[in-house]
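S.K.: Submitted below is the structure of interest, expressed as structure tokens.
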2 protein chains.
Amino acid sequence: MKAAVLGYGTIGSGVVEILEKNSALIERQAGRKVEVKYVLDLREFPGDPVNKYLVHDFDVIANDPEVDVVIETMGGTGAAYTFVKASLLAGKHAVTSNKALVAKYGCELLEIAREKKINFLFEASVGGGIPIIRSMFSALRGTNIKSVTGILNGTTNFMLTKMLKENRDYADVLAEAQALGFAERDPSADVEGFDACRKIAILASVATGKFVDFEDISTRGITDVTKEDMEAAAGLGLSLKLVARYEAMGEKAGAFVCPAALTSQNPLANVNGVVNGVLVDGEESEELLFTGPGAGKLPTASAVVADVVEAVIYSDRTVYGGWTDEKLQVEDISGIRRQYLITGTGAGAYVTEPMTRAEAEAKAAGGRVYPVL
Amino acid sequence: MKAAVLGYGTIGSGVVEILEKNSALIERQAGRKVEVKYVLDLREFPGDPVNKYLVHDFDVIANDPEVDVVIETMGGTGAAYTFVKASLLAGKHAVTSNKALVAKYGCELLEIAREKKINFLFEASVGGGIPIIRSMFSALRGTNIKSVTGILNGTTNFMLTKMLKENRDYADVLAEAQALGFAERDPSADVEGFDACRKIAILASVATGKFVDFEDISTRGITDVTKEDMEAAAGLGLSLKLVARYEAMGEKAGAFVCPAALTSQNPLANVNGVVNGVLVDGEESEELLFTGPGAGKLPTASAVVADVVEAVIYSDRTVYGGWTDEKLQVEDISGIRRQYLITGTGAGAYVTEPMTRAEAEAKAAGGRVYPVL
């Protein structure tokens with residue numbers, strides 16, 4: 001089997017590294033040799049061994065019948081979409097680490113894969129190296145999934161952990177995260193919750209087999225979380241974390257991205273730093289927690305490689321059907337009565353009422369409101 | 001597809017319950033209806049709806065060509081072995097929750113399944129509802145697994161958590177565990193580590209694709225752990241947990257079951273009570289933690305049902321090859337220098353030396369020795 005890697009950035013170069021270094025292991029597990037034939041990138045890499053694979057024109061890959069698997073690690077929804085769709089239409093399996101692509105075009109790409117009896121796989125798009133997507137597809141068959149709650153953004157989890165443990169301000173830890181390369185110069189995708197929103201939309205679609213549109217999900221980031229809020233929460237035994245959550249609600253879905261106050265009973269409360277965690281609560285399976293590195297070159301690339309091996313093993317069938325384009329209505333859960341923590345009142349106060357009312361009370365107290373999970 | 005359940009105990013009755021209650025969900029996911037046709041048990045269940053399925057003679061199942069999947073939840077290595085082997089030889093998929101069967105006869109049963117191009121699946125045999133086996137088989141393809149460390153026995157983890165949090169003696173918490181039904185009247189399978197030993201042997205075989213014999217694994221239980229040891233460890237920020245561990249060691253395997261002192265950096269340190277946890281450290285994936293209910297009727301049955309659905313979906317091929325009968329030599333790791341905690345010296349002391357020497361020092365101090373992980 002010949003593979004083409006689109007994009008020679010952090011993840012793409014990690015994929016090439018693992019496919020070459022572990023080629024004997026992969027051949028044993030896949031039952032066939034898997035070789036990189038092309039790497040597509042517009043840039044040049046003078047002196048890099050990647051040059052023996054490097055091409056600048058996607059058509060070389062699209063038109064080469066020897067290429068069985070296309071691995072997209074470019075990011076974005078422009079060329080990535082065009083190239084992945086063209087690959088699938090040409091009968092080539094596609095593997096991606098690109099959450100934006102899956103959240104926006106998953107329905108269409110999965111439909112093409114099912115029609116062609118090939119695979120469109122995206123384990124690395126959520127939770128980096130954590131095998132959460134295939135666990136939900138395969139291990140939870142037969143179980144009614146009640147909720148999926150994730151700490152899905154390592155940058156913000158790193159920042160909130162720092163704010164709490166070192167009693168520091170938001171702006172201060174953001175600057176450190178940027179200096180360490182965990183946060184972008186424009187950090188909005190992370191701190192405004194947009195990244196986590198796309199990821200929980202994907203997990204909700206996996207959980208239900210229907211399309212959950214990320215644009216329907218109420219999303220609040222961490223930009224207004226203060227160290228005083230963290231302290232008030234800690235005083236009550238709660239940790240503030242940016243949480244992305246899906247809840248089954250009959251024929252609808254409940255979903256939000258929001259900083260939440262986790263009790264010490266919540267297994268996610270111990271997920272600190274750049275680590276990601278996903279808690280899946282099934283009616284029969286009960287609470288299953290998956291944690292691991294949510295980003296990083298080799299962990300994310302290892303999830304891509306596992307998908308490549310899966311595509312090679314199941315080259316004659318679609319291994320996970322994914323979801324259809326039937327759209328699942330997302331209920332705005334801020335109108336539903338539940339327990340909230342209100343800050344701004346010194347010690348912090350619990351209320352059980354709709355979020356809209358809790359927000360009004362918090363505003364009057366000069367504080368903020370956090371769902372208690 | 002018609003299924004037969006062998007044994008109508010806790011897990012078997014949970015399997016029947018889920019297959020019936022979630023039949024529509026399962027039909028959608030499996031692409032076919034899955035129906036219970038028989039339940040084998042020597043006992044009678046007057047007034048129980050199971051009577052419409054109940055048979056007392058395995059031959060009824062073996063000789064019925066309509067039965068595609070046999071689900072073994074009897075336990076033990078006597079009749080369970082005979083029946084599972086006969087089922088596979090008759091071309092029927094087999095699913096089991098029985099760790100003793102898999103640890104002892106896994107090689108032979110997997111070989112028959114591969115020859116017949118059918119499935120022998122056993123997700124529920126380790127970690128109850130935690131999808132650790134299929135994660136290792138499928139999500140970690142292409143990754144070099146360096147170690148697998150598990151808290152695989154809920155009973156002993158419950159007991160050790162109680163000893164620490166409530167400052168109680170071993171005998172006292174054992175009596176409570178027995179009263180609550182978590183521990184058997186003869187608790188030796190749990191407290192001597194025999195249960196955890198079989199489970200880590202299975203995970204080591206999954207990790208390597210070779211046969212790791214549980215009889216080769218050095219096993220020490222929790223019977224000599226005192227509350228003074230727990231306190232000395234806690235004073236150093238360590239938690240004592242019964243840990244089962246596999247380590248890759250070149251062409252050999254290192255493995256042991258032993259109470260170990262976990263540092264607060266170890267993700268398993270927060271796995272408390274009856275919960276199980278497995279930490280898989282891969283060279284590329286880094287540390288992945290899986291936690292969840294390690295026992296219980298519905299969680300364990302949910303793992304069995306996921307295997308049944310997998311067998312139905314992949315009815316024409318062996319989905320996980322498992323391991324061969326090539327035996328992996330298990331190295332006695334007690335001779336290897338590593339860090340240990342020695343108790344009996346009041347505050348506890350760290351040493352870095354072979355276990356045999358640490359043991360001698362601990363004995364002289366009237367204490368015990370725990371590997372630091």
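Just so it is clear, none of the values below were taken in a lab; they were calculated from the coordinates. Just so we're clear, the structure is a prediction, and the values are computed from it rather than from any experiment. Backbone-built Cβ (ideal geometry, glycine too); neighbour counts: all protein chains shown.
S.K.: Sort all Cα-Cα distances of the stretch A:223-373 into consecutive 10 angstrom bins from zero, then give the percent of pairs in each bin up to the one containing the longest distance.
M.R.: 10, 29, 31, 19, 8, 2, 0
S.K.: So how strong a dipole does chain B carry about its Cα centre when Lys and Arg Cβ are +1 and Asp and Glu Cβ are -1, to the nearest 20 debye? Walk me through the intermediate numbers first.
M.R.: Details: 38 positive and 50 negative charges, 101 e Å.
For chain B, the charge dipole is close to 480 debye.
S.K.: State, as an integer percentage, the relative contact order of chain A based on alpha-carbon contacts under 8 Å between residues 6 or more apart.
M.R.: 19 percent
S.K.: What residue among B:I313, B:I133, B:I145 shows peak mean-square fluctuation when chain B is described by a Gaussian network model with Cα springs under 10 Å?
M.R.: The residue that fluctuates most here is B:I313.
S.K.: What lysines does A:K146 reach when the alpha-carbon gap must be under 26 Å and sequence neighbours fewer than 8 apart in one chain are set aside?
M.R.: A:K99, A:K104, A:K199, A:K210, A:K241, A:K252, A:K327, B:K21, B:K33, B:K297
S.K.: Work out the charge dipole of the stretch A:103-162 with +1 on the Cβ of Lys and Arg and -1 on the Cβ of Asp and Glu about the Cα centre, then indicate which of A:I132, A:I145, A:L110 is farthest towards its positive end.
M.R.: Looking along the dipole axis, the top candidate is A:I145.
S.K.: Ok, one more. Which listed residue (B:A311, B:G335, B:P293) has the Cα farthest towards the positive end of the charge dipole for chain B, taking +1 on Lys and Arg C-beta and -1 on Asp and Glu C-beta about the Cα centre?
M.R.: Among B:A311, B:G335, B:P293, the one farthest towards the positive end of the dipole of chain B is B:A311.
S.K.: Relative to the longest principal axis of chain A, what angle (0 to 90°, nearest 10) does the C-alpha long axis of helix A:170-179 take?
M.R.: Approximately 20 degrees, to the nearest 10.
S.K.: So the label point sits 7 Å from Cα along the Cα-to-Cβ vector; using that for B:Q329, what distances do you get to the other copies, in nanometres, sorted shortest first?
M.R.: Label-point distances to the other copies, shortest first: 6.7 nm.
S.K.: With an 8 Å Cα cut-off and a minimum separation of 6 or more residues, compute the relative contact order for the stretch A:237-373 in percent.
M.R.: Across the stretch A:237-373, relative contact order equals 22 percent.
S.K.: Apply the Karplus parameterisation 6.51 cos²θ - 1.76 cosθ + 1.60, with θ equal to phi minus 60°, to every residue of the stretch B:260-267 and state each ³J(HN,Hα) to the nearest whole Hz, in sequence, with x for glycine and proline.
M.R.: The phi angles translate into 10, 9, 8, 6, 5, 6, 6, x Hz.
S.K.: Take A:A62 and B:A86, extend 7 Å from each Cα along the Cα→Cβ direction, and tell me the distance between the two endpoints in nm.
M.R.: Result for the modelled spin labels: 6.0 nm.
S.K.: Okay, next question. Using Cβ counts within 10 Å as a stand-in for footprinting exposure, how do A:T352, B:T77 rank, fewest first?
M.R.: Ordered from fewest to most neighbouring Cβ atoms within 10 Å, A:T352, B:T77 come out as A:T352, B:T77.
S.K.: Using the Cα centre as the reference, give the magnitude of the dipole from point charges on the C-beta atoms of the protein assembly as shown (Lys, Arg: +1; Asp, Glu: -1; all else neutral), rounded to the nearest 20 debye.
M.R.: On the way: 76 positive and 100 negative charges, 59 e Å.
Dipole size: approximately 280 debye.
S.K.: Something else about it: Work out the mean other chain Cβ neighbour count within 10 Å for the residues of A:288-299 and drop it here as an integer. Write out the running numbers ahead of the final one.
M.R.: On the way: counts 11, 10, 9, 8, 10, 4, 0, 0, 3, 1, 6, 7.
Counting other chains' Cβ atoms within 10 Å and averaging over A:288-299 gives 6.
S.K.: Give the average, rounded to an integer, of partner chain Cβ atoms located within 10 angstrom of each Cβ in A:29-41. Show your work: numbers first, answer last.
M.R.: Details: counts 8, 2, 1, 0, 0, 1, 0, 0, 0, 0, 0, 0, 0.
Mean number of neighbouring Cβ atoms from other chains: 1.
S.K.: How high is the FRET efficiency from B:A347 to A:K165, r the C-beta distance, R0 25 Å, rounded to 0.05?
M.R.: 0.45
S.K.: Enter the mean number of other protein chain beta carbons within 10 Å of the beta carbon of each residue in B:312-320, as an integer.
M.R.: 2
S.K.: Sticking with this one: Please work out the Cα center distance from the stretch B:67-128 to the stretch B:141-164, rounded to the nearest Å.
M.R.: So the separation of the two Cα centres works out to 24 Å.
S.K.: Let me ask another. Just check the stretch A:270-319 against the gyration tensor rule for me: Cα atoms, a ≥ b ≥ c as the square roots of the eigenvalues, rounded for a/c under 1.5, and otherwise prolate or oblate depending on whether a/b exceeds b/c. If you can, show how the numbers build up before the last one.
M.R.: Numbers: a/c = 5.33, a/b = 1.32, b/c = 4.05.
Since a/c reaches 1.5 but b/c is at least a/b, the shape of the stretch A:270-319 is classed as oblate.
S.K.: Hey, got the dipole for the stretch B:169-271? About the Cα centre, +1 on K and R Cβ, -1 on D and E Cβ, debye to the nearest 20? Before the final figure, lay out each step's value.
M.R.: Details: 9 positive and 17 negative charges, 99 e Å.
That gives a dipole near 480 debye.
S.K.: Hey, which residue of B has the C-beta nearest the axis mapping B onto A, and what's the distance in Å?
M.R.: Closest to the axis: B:N270, 2.
S.K.: If I take R0 = 35 Å and measure r between the Cβ atoms of A:T356 and A:A179 in this structure, what FRET efficiency does the formula 1/(1 + (r/R0)^6) give, to the nearest 0.05? Intermediate results must be reported in sequence, preceding the final value.
M.R.: Values: r = 38 Å, r/R0 = 1.10.
Efficiency, from the Cβ-Cβ distance: 0.35.
S.K.: Something else about it: Using modelled backbone amide H atoms (1.01 Å from N, in-plane), which distant-in-sequence or interchain residues come within less than 5 Å of A:K327's amide H?
M.R.: A:F211
S.K.: What residue among A:A311, A:A349, A:A255 has the largest mean-square fluctuation in a Gaussian network model of chain A, using Cα springs under 10 Å?
M.R.: A:A349
S.K.: Taking a label point 7 Å from Cα toward Cβ, how far is B:G366 from its twins in the other copies, in nm, shortest first?
M.R.: Ordered by distance, the counterparts are at 6.0 nm.
S.K.: May I pose another question? Taking the Cα-to-Cβ direction at B:T263 and at A:E115 and moving 7 Å from each Cα, how far apart do the two end points lie in nm?
M.R.: Here the answer is 5.5 nm between the modelled labels.
S.K.: Check which residues have an amide H placed less than 5 Å from B:V274's amide H, if you skip close sequence neighbours.
M.R.: none
S.K.: Now for a separate question. Given the rule -39500 (n - 2.57) for each run of at least 4 DSSP H residues, summed and divided by the residues of chain A, what is its mean residue ellipticity at 222 nm, to the nearest 500 deg cm²/dmol?
M.R.: For chain A, the value works out to -10500 deg cm²/dmol.
S.K.: Another question about this same structure. What does the convex hull of the Cα atoms of chain B come to per residue, in Å³, rounded to a whole number? Intermediate values should be presented prior to the final figure.
M.R.: Details: hull volume 50.1 nm³, N = 373.
Convex hull of Cα atoms, per residue: 134 Å³.
S.K.: Given axes a ≥ b ≥ c from the Cα gyration tensor, I'd like to know whether the protein assembly as shown is rounded (a/c under 1.5), prolate (a/b larger than b/c) or oblate.
M.R.: Judged from the Cα gyration tensor, the protein assembly as shown comes out rounded (a/c under 1.5).
S.K.: Compute a Gaussian network model of chain A, connecting alpha carbons closer than 10 Å, and tell me which residue from A:R168, A:R43, A:R337 fluctuates the most.
M.R.: Comparing A:R168, A:R43, A:R337 in the GNM, the peak value goes to A:R43.
S.K.: Less than 12 Å Cβ to Cβ from A:G235, Lys/Arg counted +1 and Asp/Glu -1: what total charge do the surrounding residues give?
M.R.: Its environment carries a net charge of -3.
S.K.: What does the charge count near A:E176 come to, summing +1 for each Lys or Arg and -1 for each Asp or Glu among other residues with Cβ under 12 Å from its Cβ? All intermediate terms of the calculation are to be shown ahead of the outcome.
M.R.: Numbers: positive: A:K162, A:R168; negative: A:E166, A:D169, A:D172.
Cβ neighbours under 12 Å give a net charge of -1.
S.K.: For a protection proxy built on the mean count of beta-carbon atoms within 10 angstrom, sort A:237-247, A:185-195, A:169-179 highest first, please.
M.R.: Per-residue Cβ counts within 10 Å, averaged per peptide and sorted highest first, yield A:237-247, A:185-195, A:169-179.
S.K.: Shape call for the stretch B:1-119 from the C-alpha gyration tensor, a ≥ b ≥ c root eigenvalues: rounded (a/c under 1.5), prolate (a/b greater than b/c) or oblate?
M.R.: It is oblate, given that a/c is not under 1.5 and a/b is not larger than b/c.
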